[in-house]
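A.B. asks: First, the structure itself, so that you have it in front of you.
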Amino acid sequence: KDIQVNEELFVRLNYNRKNNHYREAIEIAAMLLLNFRPDISSGKNHVLAILFDMNSLWEEYVYRQLFKGKHKDWNLKVQNSKPFWRLSNSVRNKSIRPDIVIEHKISKCTAIIDTKWKLPDNNIPSDDDLKQMFVYNEYWNGKNAILLYPKSEYQEEPIYIKGNFTNKPGEIKTHECGLMKMSVLDNTNSKLDAKMGIRLNKYLEENIII
């Protein structure tokens, strides 16, 4: 019959060689049923570590949000690959893959989005990230590249900070690489924002991909 699930129920459980192989599954069940969350510092309960590659998860989440509400004149590609370097007299080569490529079917305006699950110090991207975005623009004939970061506090419109690639200080820009910070949670700061893709698409349509 149905039982009342509480913390005491799990405390009373005894493990031995016959049932110890159920321990991890029961720990996960306890965490879900009792609304526990893993504590990154310390806690009274032993909890099985569950690790996610947040960079991959953030990239996939942004792509799916964009795809749900994309403009009818956009081609949206994820992990679009192109050869980048080849060993002489060999078929072996290195390829490059930006996270997301958006091309306007009519104007041919192309934007490259690379998602980063981190925050840049003083709004200055790392040298490696900038070099990566420069190459993406060159190979996809893009004029706008965007490094997309998460933002914890809710804000209706994305924060966008322009940046330009130039040959020398003071010279005319070659193409752009901006920083964008996008709220992940809704205005209650308690759950994922279901309208994130709508807000992101609207901003891109009005300001970037024209």
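A.B. asks: Restricted to segment 107-118, and to residues that are touching a residue at least 40 places away in the same chain (Cβ under 8 Å) and either open to solvent by 30 Å² or more (accessible area, probe 1.4 Å) or of a type outside the set (Ser, Thr, Tyr) (or both), which residue is farthest from Tyr149 (Cα to Cα)?
C.D. replies: Ser107
A.B. asks: While we're on this one: Can you confirm whether Leu147 is surrounded by 12 or more Cβ atoms within 10 Å (Cβ to Cβ), at pLDDT below 95 and part of a strand (DSSP E or B)? I'd like the intermediate steps shown before the answer.
C.D. replies: Values: surrounded by 12 or more Cβ atoms within 10 Å (Cβ to Cβ): yes; at pLDDT below 95: no; part of a strand (DSSP E or B): yes.
Against the criterion (surrounded by 12 or more Cβ atoms within 10 Å (Cβ to Cβ), at pLDDT below 95 and part of a strand (DSSP E or B)), Leu147 does not qualify.
A.B. asks: Another question about this same structure. Limited to segment 87-106, what total is found for residues that are modelled with pLDDT of 90 or more and either closer than 16 Å to Gly142 by Cβ or open to solvent by less than 60 Å² (accessible area, probe 1.4 Å) (or both)?
C.D. replies: Counting residues in segment 87-106 that are modelled with pLDDT of 90 or more and either closer than 16 Å to Gly142 by Cβ or open to solvent by less than 60 Å² (accessible area, probe 1.4 Å) (or both) gives 11.
A.B. asks: Further, regarding this structure: Report, by residue number, each residue of segment 156-179 that is open to solvent by 40 Å² or more (accessible area, probe 1.4 Å), assigned to a loop (DSSP other than H, G, I, E, B) and free of Cβ contacts under 8 Å to residues at least 40 places away in the same chain.
C.D. replies: Lys162, Asn167, Lys168, Pro169, Gly170, Glu171, Ile172
A.B. asks: Still on this model: Consider segment 76-115. How many of its residues are in contact with a Gly (Cβ under 6 Å, 6 or more places away or on another chain) and of a type in the set (Gly, Ala, Ser)? Break it down stepwise before answering.
C.D. replies: Just the residues of segment 76-115 that are in contact with a Gly (Cβ under 6 Å, 6 or more places away or on another chain), to begin with: 110, 112.
Okay, now just the ones that are also of a type in the set (Gly, Ala, Ser), so none.
Here the count works out to 0.
The values are calculated or read from the model by the stated rules, or taken from the named source; none is laboratory data. Predicted model only: the values in this text are computed from it and were never measured. Neighbour counts run over all protein chains shown; Cβ positions are idealised from the backbone, glycine included. Ligands, DNA and RNA are stripped out before the accessible areas are found, and what is left, the full protein with its side chains, is counted by its heavy atoms. Shrake-Rupley method; radii C 1.70, N 1.55, O 1.52, S 1.80 Å.
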